[in-house]
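K.L.:
Quick one: structure below, then a few questions.
The values are calculated or read from the model by the stated rules, or taken from the named source; none is laboratory data. What you see is a predicted model, and the numbers here were worked out from it, not measured in a lab. Backbone-built Cβ (ideal geometry, glycine too); neighbour counts: all protein chains shown. Please note that ligands, DNA and RNA were not included when accessible areas were found on the heavy atoms of the full protein model with its side chains. Shrake-Rupley method; radii C 1.70, N 1.55, O 1.52, S 1.80 Å.
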Number of protein chains: 2
Amino acid sequence: MSGSFRGEEVTGETLRQLGEIEVIRRLARGLGQAVNVLVGIGDDAAVVRSEDDGHDLVLTTDAVIEGIHFAAGARSAAVGRKLAGRLLSDLAAMGAEPLWILCNVAAPARTSFRALKQVYAGMKRIAARFGAHIVGGDLSRADELHLHGFAVGRVPHRRAVTRSGARAGDAVFVTGTLGGSILGGHLRFTPRVKEGLWLRKSGWPSAMIDVSDGLLRDLGHILRSSRCAAEIELRKIPVSSAARMLGDGVSPLDHALRDGEDFELLFTVPAGKAEQFIRSWKDTFRLRCTRIGTIRSGPVSINLKEAGGSLSRIYGLGYDHFSCRVGKRP
Amino acid sequence: MSGSFRGEEVTGETLRQLGEIEVIRRLARGLGQAVNVLVGIGDDAAVVRSEDDGHDLVLTTDAVIEGIHFAAGARSAAVGRKLAGRLLSDLAAMGAEPLWILCNVAAPARTSFRALKQVYAGMKRIAARFGAHIVGGDLSRADELHLHGFAVGRVPHRRAVTRSGARAGDAVFVTGTLGGSILGGHLRFTPRVKEGLWLRKSGWPSAMIDVSDGLLRDLGHILRSSRCAAEIELRKIPVSSAARMLGDGVSPLDHALRDGEDFELLFTVPAGKAEQFIRSWKDTFRLRCTRIGTIRSGPVSINLKEAGGSLSRIYGLGYDHFSCRVGKRP
């Protein structure tokens, strides 16, 4: 059934039975109060305090929609975790410290309160792990189940890491392994908040993005913003075990290149610093970090270098929310 | 058809035909750049600068959903205006200065780009009128058409006007006229940003809310937060001409008491200041502002005083997003 979560979570009172005021009262009770939150859930807006001037604010939004970002019958806590995780991953990709999250829920009136509470519990757990607080949101009735989240983070003035700073010669790195998130990783990933903050503070990356639409497409975003090309060594791509397990006729490497929702960090480091960077990374994190290629000058494109040394030029698209095409031109 | 705007706006290229990257590029071009926006649409997140420390941030969210907040076939610019207007109205009700707006659009892939552009144009016009900038958002595919907006404003530290400050004896005021927004006011209203800022700066209101769910229900929100009762004089209610035009068997007064989406400001002013306040208001604004009653001590309830002097006690609910009940107990 559309607009529903896993079976055991859809018993108990529905949103229609409780009414909006009682639903909000119960959700707010579960969230508690936090330092820096002057007015939390239950007024026209949340009022928060950013303790320290010298910072820029980082604002991001994301959506998690039934049938697109999760299947009907998914666990509601996992869906909440996914929404907050996506927001945290966006902040991580800017090198920002997470502060506050708001969440709009649009759901059928027959949705059980228990399921909604689990959505919030899932959001709260992952947010709290990275120091962020849920401070508000909006509830609406709808036929489809949509979660729309909004997050605020901060970075020291003009220190946000954007997509537009990559330069010819920079080394291209990616954290973790890629591909096959459809097997469950898209609900269980850890947003790379700690790594993003460390990268920004230590000043290594010239450009950064999180891998949400697929490696080729997200690299394409960096290249478009930075107006350059990239050469990627296919044998270096860190293919995940999930990508190898899929066995759907698409090669594990193609999954690693094109699947979305790994939420790893993809970033560039100036050529002269690349070796020093990778030593410093290994001293700090156990998480894998792989050099997969190099930024080149020239029109926006990705050159895939095969083991034998042959090159194919790809105008990679990965996941397009509207067309779902994966494009390859000769 | 579900997921559609007015006919003349649904010609031209669809979101599926253009693809997400081109859609975002074109939308960003239409929005321009603003002071205080370091990174706008097109990166992982927006980066903004709040110029001045001594302020708290005010964060709010709202949704505009086809079939709930607007009918299929509505003008797309009016729908965008409504979303931004709702957000600005929330900020107004806190006495906050609007700064930044982000908007998530979830739409069918067959949606025309022209319609989406008009949604953004509608948002931009009303936002610009009150000094706010559209700085980001997210596009997703969905079967239902949903807009989810997020806004950031600011108030001097601890000066936000909440719902919880009403005290026995305070006078209850409402701006403008009420009822019948279904005839078009719900798409055309002016958010009371200037009035909300003036009220906060001059320090009159002890509590404030915007009338989105209906007068009785929104007054109920103030009473629940402030833990008190109210006495309302029915002959004082400013009934709108739209409420009088409806002619649907419900009295114009009942429309004024219970209809939602007028987006006027409802607020309380301490008893000793009420006369001075209304003189000061009349010196400043042409907009009507009416004293409709008085806050009383006692359990949360609204006593409606009829012209003859008889009282009826109402536990008014107005619009509930999930149950749509209007409750009246003897």
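K.L.:
I'm told A:Asp262 meets every condition in (1) surrounded by 22 or more Cβ atoms within 10 Å (Cβ to Cβ); (2) at positive phi except one. Can you identify the failing condition by its number?
P.N.:
Going through (1) surrounded by 22 or more Cβ atoms within 10 Å (Cβ to Cβ); (2) at positive phi one by one, A:Asp262 breaks only (2).
K.L.:
A follow-up question, please. Considering only the range A:276-293, state which residues are over 16 Å from A:Gly176 (Cβ atoms) and open to solvent by 20 Å² or more (accessible area, probe 1.4 Å).
P.N.:
Once the filter is applied, which keeps residues that are over 16 Å from A:Gly176 (Cβ atoms) and open to solvent by 20 Å² or more (accessible area, probe 1.4 Å), the range A:276-293 yields A:Gln276, A:Arg279, A:Ser280, A:Asp283.
K.L.:
Something else about it: Got a number for residues in the range B:94-128 being closer than 15 Å to B:Glu20 by Cα and among the aromatic types (Phe, Trp, Tyr)?
P.N.:
Here the count works out to 1.
K.L.:
For A:Gly137, state whether it is facing chain B (nearest Cβ under 7 Å) and modelled with pLDDT under 95.
P.N.:
In short, yes.
K.L.:
Okay, next question. Looking only at residues in the range A:63-87 that are at the interface with another protein chain (Cβ under 7 Å from one of its Cβ atoms) and open to solvent by less than 10 Å² (accessible area, probe 1.4 Å), which one is nearest to the chain's Cα centre (by Cα)?
P.N.:
Here is the first cut: in the range A:63-87, the residues at the interface with another protein chain (Cβ under 7 Å from one of its Cβ atoms) are A:63, A:65, A:68.
From what's left, open to solvent by less than 10 Å² (accessible area, probe 1.4 Å): A:63, A:65.
Working: A:Ala63: 11, A:Ile65: 15 Å.
Selected residue: A:Ala63.
K.L.:
With B:Arg114, B:Arg110 as the choices, which residue is in a helix (DSSP H, G or I), over 23 Å from B:Ala45 (Cβ atoms), open to solvent by 20 Å² or more (accessible area, probe 1.4 Å) and touching a residue at least 12 places away in the same chain (Cβ under 8 Å)?
P.N.:
The conditions single out B:Arg114.
K.L.:
Okay, next question. Search the range B:207-228 for residues being within 11 Å of another protein chain (Cβ to nearest Cβ) and charged (D, E, K, R), and hand back the single one that is farthest from B:Thr190 (Cα to Cα).
P.N.:
Going through the qualifying residues, I end up with B:Arg224.
K.L.:
Restricting attention to the range A:226-240, which residues are part of a loop (DSSP other than H, G, I, E, B), surrounded by fewer than 21 Cβ atoms within 10 Å (Cβ to Cβ) and at pLDDT 95 or above?
P.N.:
From the range A:226-240, those part of a loop (DSSP other than H, G, I, E, B) are A:227-228, A:237-238, A:240; that's our starting set.
From the residues that got through so far, the ones that are surrounded by fewer than 21 Cβ atoms within 10 Å (Cβ to Cβ) too are A:227, A:238.
The one that is part of a loop (DSSP other than H, G, I, E, B), surrounded by fewer than 21 Cβ atoms within 10 Å (Cβ to Cβ) and at pLDDT 95 or above: A:Pro238.
K.L.:
Which one of A:Ala160, A:Ala128 is of a type in the set (A, V, I, L, M, F, W, C) and either open to solvent by 30 Å² or more (accessible area, probe 1.4 Å) or more than 30 Å from A:Pro299 (Cβ to Cβ) (or both)? Reasoning before the result, please.
P.N.:
Values: A:Ala160 fails: either open to solvent by 30 Å² or more (accessible area, probe 1.4 Å) or more than 30 Å from A:Pro299 (Cβ to Cβ) (or both).
Exactly one of A:Ala160, A:Ala128 is of a type in the set (A, V, I, L, M, F, W, C) and either open to solvent by 30 Å² or more (accessible area, probe 1.4 Å) or more than 30 Å from A:Pro299 (Cβ to Cβ) (or both), namely A:Ala128.
K.L.:
Now, a different point. Filter the range B:185-217 down to residues that are touching a Leu at 6+ places or on another chain (Cβ under 6 Å) and closer than 20 Å to B:Arg244 by Cα, then give me how many there are.
P.N.:
3
K.L.:
Among the residues of the range A:143-154, write down those that are open to solvent by less than 10 Å² (accessible area, probe 1.4 Å) and at pLDDT 90 or above. Spell out how you get there, then give the answer.
P.N.:
Within the range A:143-154, the subset open to solvent by less than 10 Å² (accessible area, probe 1.4 Å) is A:145-153.
A:His146, A:Leu147, A:His148, A:Gly149, A:Phe150, A:Ala151, A:Val152, A:Gly153, listed by residue number.
K.L.:
Can you find a residue in the range B:57-77 that is at pLDDT 85 or above and in a helix (DSSP H, G or I)?
P.N.:
Looking for residues that are at pLDDT 85 or above and in a helix (DSSP H, G or I), one finds at least one in the range B:57-77, hence yes.
K.L.:
In the range A:201-225, which residues are open to solvent by less than 20 Å² (accessible area, probe 1.4 Å), in contact with an Asp or Glu (Cβ under 9 Å, 6 or more places away or on another chain) and outside any loop (DSSP other than H, G, I, E, B)?
P.N.:
Passing the criteria: A:Ala207, A:Met208, A:Ile209, A:Asp210, A:Leu215, A:Arg217, A:Asp218, A:Gly220.
K.L.:
What residue, among those in the range B:43-62 that are in contact (Cβ under 8 Å) with a residue 12 or more places away in the chain and more than 7 Å from chain A (Cβ to nearest Cβ), is surrounded by the most Cβ atoms within 10 Å (Cβ to Cβ)? Don't jump to the end; show me each part of the working.
P.N.:
First, pick out the residues of the range B:43-62 that are in contact (Cβ under 8 Å) with a residue 12 or more places away in the chain: B:45-46, B:48-51, B:54-62.
Of the ones still in play, those that are also more than 7 Å from chain A (Cβ to nearest Cβ) are B:51, B:54-55.
Details: B:Glu51: 10, B:Gly54: 9, B:His55: 20.
Result: B:His55.
K.L.:
The conditions are (1) more than 10 Å from every other protein chain (Cβ to nearest Cβ); (2) more than 29 Å from A:Ala142 (Cα to Cα); (3) surrounded by 21 or more Cβ atoms within 10 Å (Cβ to Cβ), and B:Gly30 fails exactly one of them. Which is it?
P.N.:
That leaves (3) as the condition not met.
Okay, residues lined up against (1) open to solvent by less than 60 Å² (accessible area, probe 1.4 Å); (2) part of a strand (DSSP E or B); (3) free of Cβ contacts under 8 Å to residues at least 12 places away in the same chain:
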site: A:Thr268; (1), (2), (3): yes, yes, no
site: A:Ile295; (1), (2), (3): yes, yes, no
site: A:Gly308; (1), (2), (3): no, no, yes
site: A:Ser312; (1), (2), (3): yes, yes, yes
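K.L.:
Name, by its number, the condition in (1) open to solvent by 10 Å² or more (accessible area, probe 1.4 Å); (2) within 21 Å of B:Ala45 (Cβ to Cβ); (3) within 14 Å of the chain's Cα centre (by Cα) that does not hold for B:Asp90.
P.N.:
Only one criterion is unmet by B:Asp90, namely (2).
K.L.:
Quick check on A:Ala243: is it away from chain B (no Cβ under 14 Å), touching a residue at least 12 places away in the same chain (Cβ under 8 Å), surrounded by 24 or more Cβ atoms within 10 Å (Cβ to Cβ) and in a helix (DSSP H, G or I)? Lay out the reasoning, then the answer.
P.N.:
Working: away from chain B (no Cβ under 14 Å): yes; touching a residue at least 12 places away in the same chain (Cβ under 8 Å): yes; surrounded by 24 or more Cβ atoms within 10 Å (Cβ to Cβ): yes; in a helix (DSSP H, G or I): yes.
Yes, satisfied.
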